[in-house]
Amino acid sequence: SMPVERIPLSNALEHFSDPEVWMAYRAAFPDLGEALHALNLDGRGFLNLVAKDLARHNTSGPRALAHLQSFELGDRLVEELLIKLSSGLLVATGIHAAERKTVPKELWADLSFDFARDTLHNPDRTIAFTHVAIEAVRASPRTELLERCVKWLQAERQTHGEEDKKVLESRARKHFGSALTHRLFNEAYARVYERERGRPRKQPRQKSSLKS
C-alpha cells in the first residue's frame, strides 16, 4: 500500500480545507504565522489583534470588516477540520507519553488546536499531544469502486431514466470490468434505488395540491 502522507498540523488547514475558504482567510494576514496564531484567540483576543492592526494602519472601516469576516472564516475552517477528524475521515497522530499515538475520536470534544505549535491539548492541559500530524484515511479499493458505481448509476438514471436492473448491470460490467461483482453492483443499486430486487420503483409524480 502507498505510504500515507502525514501533514503537520500547521499545514493541515491549507491541505485539507476548502481552498477558497482557506485563501480568503489567509489573505487577511501578513504572514502564515499570524494567520495560525489568530486561530488560537477567543473573540476578545481577536478584537485586541484587530484594534492593534487598525491603529498600526491608522484606518478602520473596510479593514475592520475584513478582519471580522476572517474571524468567521477561521471558525469555519476549524469547525470543518474537527468534523472530518471526529467522523474519522481524517486521523491525527501526535507524541503523547513519549510515543506517537493516534488521537482517539472521543477526545475531540475536549481538545483545542494550537496550529502554530503543532500541538493539541485539553482545557487544563492534562492531556497534550505534540508534533501533531494529520493524514487522510485512504478508502479501500472496494469502497472506491462502490462509490464510483453509485455515481455512474445516478448519472445513467438522469440520462436514460428508469431502466431494467439486468440491463443496467450488464452495462455496468462493461464499464467497470470484472472487478465489479454482482454483490457490489447490488449494493450500489440499492443505494441509488433503495431496493435490491427487480425493477426500480418509478418516481411518483407530484400531484398538484392547489385548492381554490
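Read-outs throughout are calculated quantities, based only on the coordinates presented, and are distinct from any laboratory measurement. This structure is a prediction, so every number in the text was calculated from the model and none was measured. Note that we place each Cβ from the backbone using ideal geometry, even for glycine, and neighbour counts take in every protein chain shown.
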**Approximate shape of segment 98-149 as ellipsoid semi-axes (Cα gyration tensor, √5λ), whole Å, largest first** = 31, 12, 10
**Request:** Report the net charge of residues surrounding ARG125, where surrounding means a beta-carbon distance below 14 angstrom and charges are Lys +1, Arg +1, Asp -1, Glu -1.
**Result:** -2
**Asked** Counting only pairs 8 or more places apart or on different chains, how many lysine pairs in the chain have C-alpha atoms closer than 23 Å?
**Response** 11
**Asked** Reported to two decimal places, what Rg/Rh ratio describes segment 69-177 when computed on Cα atoms with Rh from the Kirkwood expression?
**Response** 1.22
**Prompt:** Taking springs between alpha-carbon atoms closer than 10 angstrom, which of ASN186, ASN40, ASN11 fluctuates most in the Gaussian network model of the chain?
**Reply:** ASN186
**Asked** Can you give the direction-averaged projected area of the convex hull of the alpha-carbon atoms in segment 58-127, in nm²?
**Response** 6.4
**Asked** Extent of segment 118-187 along each principal axis, from alpha carbon coordinates, in Å, largest to smallest?
**Response** 61, 24, 17
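Please tell me the relative contact order of the chain in percent, rounded to the nearest whole number, where contacts are Cα pairs under 8 Å and at least six residues apart.
Numbers: 204 pairs, mean separation 42.2, N = 212.
Dividing the mean separation by the residue count of the chain yields 20 percent.
Can you tell me the alpha carbon radius of gyration of segment 1-119 divided by the globular rule-of-thumb value 2.2 N^0.38 Å?
On the way: Rg = 15.9 Å, N = 119, 2.2 N^0.38 = 13.5 Å.
Compactness ratio reported: 1.18.
Within segment 1-47, list the GluC sites (Glu not before Pro) lying in a DSSP loop whose Cβ has at most 15 other Cβ atoms in a 10 Å radius. Mind dumping the intermediate values first?
Details: sites: GLU5, GLU14, GLU20, GLU34; in loops: GLU5.
Sparse-neighbourhood loop GluC sites (Glu not before Pro): GLU5.
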**Request:** Could you please tell me the mean projected area of the C-alpha convex hull for the chain, averaged over all directions and given in square nanometres to one decimal?
**Result:** 20.5
